[in-house]
Each structure stands twice: as C-alpha cells, then as structure tokens.
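Asks: Next up is a structure, given as structure tokens.
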Amino acid sequence: MSEKQDIKPLFKEFPPVSTEAWREKLKVDLKTDDIDKKLNWHTIDGMDINAIYRDEDLDNLNFLESIPSLKSSKNNDWQINRIIETGELNKANAIAKQAIDRGAKSIEFNCTQVRKYDSLAILLDGIDMEEVALGFDKPMSYKIILKHLISYVEEKGFDKSKIVLFFNWDAMAYRLISGKYYKTFDDNIMELKALVEGAKKHFPNSKIISINGQHFHNAGATSVQEMAMSLSAAVEYIHRLLDKGLLLEDVLEKLYFRMAIGSAYFVEIAKIRAMRYLWAKICTAFGAKKENHKVAFIHSISSSWNKTIYDPYVNMLRTTTETMSAALGGADMISVLPFDKSYKNENEFSSRIAQNQQIVIKEEAHFDKVVDPAAGSYYIENLTNALIDNAWNLFLQIEDMGGYAEALENGFIKKEIVKSSEKQFKEAATRKINILGTNQFPNQQENMLGEIGKELWGKKSEVELKRVSQAFEQLRLRTEKYALTDDKPKLLLLSFGEVVIRKARASFMSNFFAAAAYDILEMEDEISIEEILKVTKEKKVQIIGLCSSDKEYLDVAMPLISEMKQQNSKPIIVVAGKPTGIADELSALGVDDFIYAGMDMLEILNKYSNLLMPL
C-alpha cells in the first residue's frame, strides 16, 4: 500500500455537526430559547461578539484575502524591551547593562538629564550599540540627542548601518495630555522634518515618529478608539511632513506605533492584527509601492489602566496574559511594566520579574516560533474583522472633521475618551467590570499605605492618564489613614435562615464592604437579640448587615430594630438583596439600605465613609 493510501482523514469517525444542532443542544443545556442573549458579548465599543463561530463565519471576511504580512521577519520574534524610569545617568547605565546581560534586546532611556555630549556618553558607556536597539524619551531636545548620538557613534567607531534607534517623539501626544504644543504645531513639524532627514542620513534603521496609542488606552479609551485615533494621528503626521517636502517612503520608514496591551486577551491579539491590516490599507492609499513600507512596526507596552495598588501580585497575572496577547498578535517590540509601577519607583525585584516574563514566554513557551498563530481561528478572525470595521468607521469620522489635529483642537478626541472612561468607571463601580482584589474578592486585611513610594494620582492634565481602580483605592486608603488614629468602621453580618441563600448573601455583603477595608464580624444561625446587642456594644459595631431569604427578613428585622430603638443604640441597618414586596415595610421599620447586585458600590461606600470617618 502506498504512503498516500495510508493517510486517513483526521477524526473521520466523528460525523460533522451542523451549527443548528449545536444551537439546539445549547438551548437544552442553558434552559433558554434565546442563547444569543445569554451568551453573546456586547463590548464597550458597541461590537456584538458571538459565543459560537463556525467555518461558515469566515466566508464573508474580505480582509482574509488581503491581510498583510504581520512582520518582515520569517518568524514571530520580537525585541524584549526594558523601559528605564530613572533619569540619573550612572544608575540608568548600570540598569541597562544588567538588563542586557539578562536578555533584553532593546533599552529605552529617560533622557531628562541628558544635556551635553558627556552626559550621553555616561548613559551609553559600555553598551554595544550594534547589538542592542536603543530608545530615547523625554529629552529637552531630540535634535540635541540626535546630534550627540552622531558624534558618539562616530567617535566609538560603530557601524551606523547596524545601529537601531527609536525616539518617542510625538508632539500631538504632548498636546493631548498637556493641552498645548511645545511651541506651535508647525514648529514641531519643522523639528520633526529635520529629525527624519538627519536620521535617514546617519541611522537608516531608526524610528523617529512615535504614535502613542497607549495614551488613549491609559486615559480610558476603548480598543476601537485607540486604533482609530492612532491611525488618524499617523495620517496627520504623514500629511504634514509631505507638505514640508519629505518623501512618503522616508516618513513611513521612520514611523512606528506604541500601543497599550489591555487585559481582554483575544481582543488584544485581534487589535494588533487589525492595526496591521488598516495601516497597510492606509499606506496603499497614500501610494506606497514597497511591501515593507506597508508593514506597521508595533511596540506593545503593558497597560497602566487596569493595574491596581491592592492585591498587586495579580498585576503579574495581568502582565503575563498581556504579553502573551502581544506576542501572539505579532508585536515587534514588547515592554512589560513592573507589577508595582502604580505605587513604587523602579526597583530590582519587580523590574526583573517583568523582564523574565517575556523571556519565559519566548524561550520556554516558544511564542516566537510561529507567525500569526491566531490565523484561521473562527473567533479571532471575526473579532479582527469587527475591530477593522469599527475602527475604520471612527477613523473616517475623524478624517471628515479635517483630520486628527482638528479633532483634537475642537475637543472631539477628549470628549470621546472621557465618555468611554466614565462608562468604564461606572461599570467598575457597579461591578460589571470585575477588578480582582479591588472591587471583587478584596482582602480587607491587606494594608498598602506604608508601601506607597510615589505620587499616586499624578498631576491634573487636559486628558488624564488614570487607572480604572483608583476611585476604590482612594476610598480604601482613606480607611487605612483613619485607622492610624481610630478604629476602622465595623460591620456585623447576621446570617440566618435558608443556608444556601444566607451564605451567598453574606458572602456578597462581606465582599461589598471589604472593598472599603471595613472590619467585618460574622454571627450566624440561631442568634438571640441579646447576643446581637452585646456584640454590637462591645465591638462598637456601626453597621449591621442582615443576610437571609426575602421571606425571613421581617421576622428578624422587626424585633431587632424595635429593641435597638428602645435602647437608643440603633446602628445602621442594611439588608442583603432587594426584597420583593417588603422593601417599603422594612424601610419603615428602620432598615437604612439594601445592598444588591448592580448598585453603585462607590456611591454607597463613600456615603458611609463620609458618615463614619469624617475628614
């Protein structure tokens, strides 16, 4: 028998199952006729994402026929980048060399203290510029940095053709955050033109024009907004530089994207793929001829928006999945930020962990071996298509306004980002967005006040870079500060009646008030009013939480509240749930609040903190 005849179709013994059969099975398992309502996902971007995708769902995805190469390389390798926070020259140099020894292939420096040639020489001392890509951020002048780099490289005898440089030059990002340009936008464009011309002459492998999509994300923008605004900003720079006489190919070679990596795992994979498709489409529209000029260079950087102060080691899990998303999506360079960056300055432990996460994913999990491993996934291909369509529509909307710079000046960019961020803050407050360790399953015994080593909230700015957890953290830190001189507010949970319901509601209420770090005491089952009054008095309980089934609340609440009123010692009484038909009666008795799913946690907790911990 020939070798060809030996080959049998994989899983031939399993007959094909139709989509309709799958849907009928799900209706039975989920006990519903509307499985779409139960399973499908409506994103904050307004996209409807199905729970089930099949082979036929690829039929109408036009982008599959023309999706560009994810990279110019033949594998999925990326540069492991270390962003160095400190501007202190000798310290930054030492950190850089240590990072390189441990596997970093790219270093980004804070250049706030680089004024003269000598200071740049200190920063770069002992670093082989032909082996490691170097980035420069926050200088007083990029023109001065470029001038000193040329002199330094020529003095050291490095081969300029082997040197890879990138600048984080983005005047419109500065305008977005600060509300102003360095000088005027036109002055900035003239500076950029000179930088591009100088870099082309001396450093052919350099990226000068950065598009800081990460700022949109870290101010609360959605993935669609981050993509569309980044593409629109890039197009604005292209138009402006072409008007100044630069060639299209020179601009495209010097431009790159700095995109945040959020925690929506598959969305982030799809986002990078969609960005590459749309960028190739835009470059083609401009008239780019060479295929390599249409390939977006994407530097992926850990999100700050989703990181937390409390339960900070969860941030390691977040950055791990984020790094995996960026690698699978095809990022060219990845920066993993330290898990404690929100509240601590740069330190050895967290920085080493951050760099090692990339090394493990690359060298042990081998994420660098296959280009575009998500290709062919029904779900990710459809998600990529949805991002393409929605981001393109928003991009065209911005272009119709006259382009990104005009949309920035007329307030559209800010308005859209603020609208998105406020929606996410609201969803966090109502726990539609779960933040592990912050608004969901917080450890009320954890104290972080003494761990904070930097300014938490930053300076007031035009568009503020925030974190979705920060309102909860402000609330909880307030409790910690109060506890330095007085006792924390105390909640006594009374659980009684049907076991399953009371335990579920007690867990819910405990979780709710733990988000403000209140001390929580529990009593359950058959509890006498005398015992409750005794514990309330001895422990100085300020809130009593009743946790049971709706039908059992009146039997306990009525005598308890009556006795407390007689003793003139009634604390705040809250009930877990929203009892149907008896809520008004309970309120009339003296129940102060009902704690239930979907309510605004922050509003309630701030109300009680203001009452129990006056400033």
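The values are calculated or read from the model by the stated rules, or taken from the named source; none is laboratory data. Note that the structure is a prediction, hence the values are computed from the model and not measured. Neighbour counts are summed over all protein chains in view; Cβ atoms, including those assigned to glycine, are modelled from backbone coordinates with ideal geometry.
Asks: Would you confirm, using the coordinates I've provided, whether Lys341 is more than 21 Å from Ala296 (Cα to Cα) and either surrounded by 21 or more Cβ atoms within 10 Å (Cβ to Cβ) or of a type in the set (Lys, Arg) (or both)?
Replies: yes
Asks: Still on this structure, I have one more. Looking at the stretch 390-421 only, could you name the residues that are under 22 Å from the mean Cα position of the chain (by Cα), in the same structural domain as Ala173 (by TED's automatic domain parsing) and either surrounded by fewer than 19 Cβ atoms within 10 Å (Cβ to Cβ) or under 20 Å from Leu64 (Cβ atoms) (or both)?
Replies: Those that are under 22 Å from the mean Cα position of the chain (by Cα), in the same structural domain as Ala173 (by TED's automatic domain parsing) and either surrounded by fewer than 19 Cβ atoms within 10 Å (Cβ to Cβ) or under 20 Å from Leu64 (Cβ atoms) (or both): Asn390, Ala391, Trp392.
Asks: Then there's this: Mind checking whether some residue in the stretch 154-161 is of a type in the set (S, T, N, Q), in contact with a strand residue (DSSP E or B) (Cβ under 9 Å, 6 or more places away or on another chain) and at pLDDT 95 or above?
Replies: no
Asks: Looking only at the stretch 286-303, which residues are touching a strand residue (DSSP E or B) at 6+ places or on another chain (Cβ under 8 Å) and assigned to a loop (DSSP other than H, G, I, E, B)?
Replies: Scanning the stretch 286-303 gives Ala296, Phe297, Ser303.
Asks: Are any of the residues in the stretch 378-385 closer than 29 Å to Glu603 by Cα and crowded, with 18+ Cβ neighbours inside 10 Å?
Replies: Within the stretch 378-385, not a single residue is closer than 29 Å to Glu603 by Cα and crowded, with 18+ Cβ neighbours inside 10 Å.
Asks: Yes or no: the stretch 429-449 includes at least one residue that is in contact with a helix residue (DSSP H, G or I) (Cβ under 6 Å, 6 or more places away or on another chain) and over 28 Å from Leu317 (Cα atoms).
Replies: The answer is no; no qualifying residue exists.
Asks: Looking only at residues in the stretch 568-586 that are part of a helix (DSSP H, G or I) and of a type outside the set (Asp, Glu), which one is nearest to Ser528 (Cα to Cα)?
Replies: Filtering the stretch 568-586 for residues that are part of a helix (DSSP H, G or I) and of a type outside the set (Asp, Glu), the one nearest to Ser528 (Cα to Cα) comes out as Leu586.
Asks: Which residues, taken from the stretch 479-502, are surrounded by fewer than 18 Cβ atoms within 10 Å (Cβ to Cβ), touching a residue at least 24 places away in the same chain (Cβ under 8 Å) and either part of a helix (DSSP H, G or I) or of a type in the set (Phe, Trp, Tyr) (or both)?
Replies: Those that are surrounded by fewer than 18 Cβ atoms within 10 Å (Cβ to Cβ), touching a residue at least 24 places away in the same chain (Cβ under 8 Å) and either part of a helix (DSSP H, G or I) or of a type in the set (Phe, Trp, Tyr) (or both): Glu480, Lys481.
Asks: Here's something else I'd like to know. In the stretch 318-328, how many are under 12 Å from the mean Cα position of the chain (by Cα) and without any contact (Cβ under 8 Å) to a residue 60 or more places away in the chain?
Replies: Number of matching residues: 3.
Asks: Go through the stretch 512-567 residue by residue and tally those that are part of a helix (DSSP H, G or I) and among the basic types (Lys, Arg).
Replies: Number of matching residues: 4.
Asks: Same structure again: Given Ala133, Ala99, Ala92, which one is over 19 Å from Asn212 (Cβ atoms), in contact (Cβ under 8 Å) with a residue 60 or more places away in the chain and buried (at least 19 other Cβ atoms within 10 Å of the Cβ)?
Replies: Ala99
Asks: Now for a different question. Could you grab me the full set of residues in the stretch 571-615 that are of a type in the set (S, T, N, Q) and under 21 Å from Thr430 (Cα atoms)?
Replies: Passing the criteria: Thr580, Asn606, Ser609, Asn610.
Asks: Something else: Considering every residue within the stretch 256-263, establish whether at least one is surrounded by fewer than 22 Cβ atoms within 10 Å (Cβ to Cβ) and part of a helix (DSSP H, G or I).
Replies: No, because not a single residue in the stretch 256-263 is surrounded by fewer than 22 Cβ atoms within 10 Å (Cβ to Cβ) and part of a helix (DSSP H, G or I).
Asks: Then there is this: Within the stretch 350-362, can one find any residue that is crowded, with 23+ Cβ neighbours inside 10 Å, in the same structural domain as Ala99 (by TED's automatic domain parsing) and over 17 Å from the mean Cα position of the chain (by Cα)?
Replies: Yes: one or more hits.
Asks: Would you check if Ile49 is β-branched (Val, Ile, Thr), in the same structural domain as Gln358 (by TED's automatic domain parsing) and either closer than 29 Å to Thr320 by Cα or crowded, with 16+ Cβ neighbours inside 10 Å (or both)?
Replies: Taking the combined requirement at face value, the residue does not satisfy it.
Asks: Continuing with the same structure: Just to be sure before I move on: is Ala331 part of a loop (DSSP other than H, G, I, E, B), among the small types (Gly, Ala, Ser) and either farther than 30 Å from Leu61 by Cβ or touching a residue at least 60 places away in the same chain (Cβ under 8 Å) (or both) in the structure I sent?
Replies: yes
Residues checked against (1) over 25 Å from the mean Cα position of the chain (by Cα); (2) farther than 27 Å from Trp78 by Cβ:
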| position | (1), (2) |
| --- | --- |
| Ile95 | yes, no |
| Ala104 | no, no |
| Gln113 | yes, yes |
| Ile127 | yes, no |
| Phe136 | no, no |
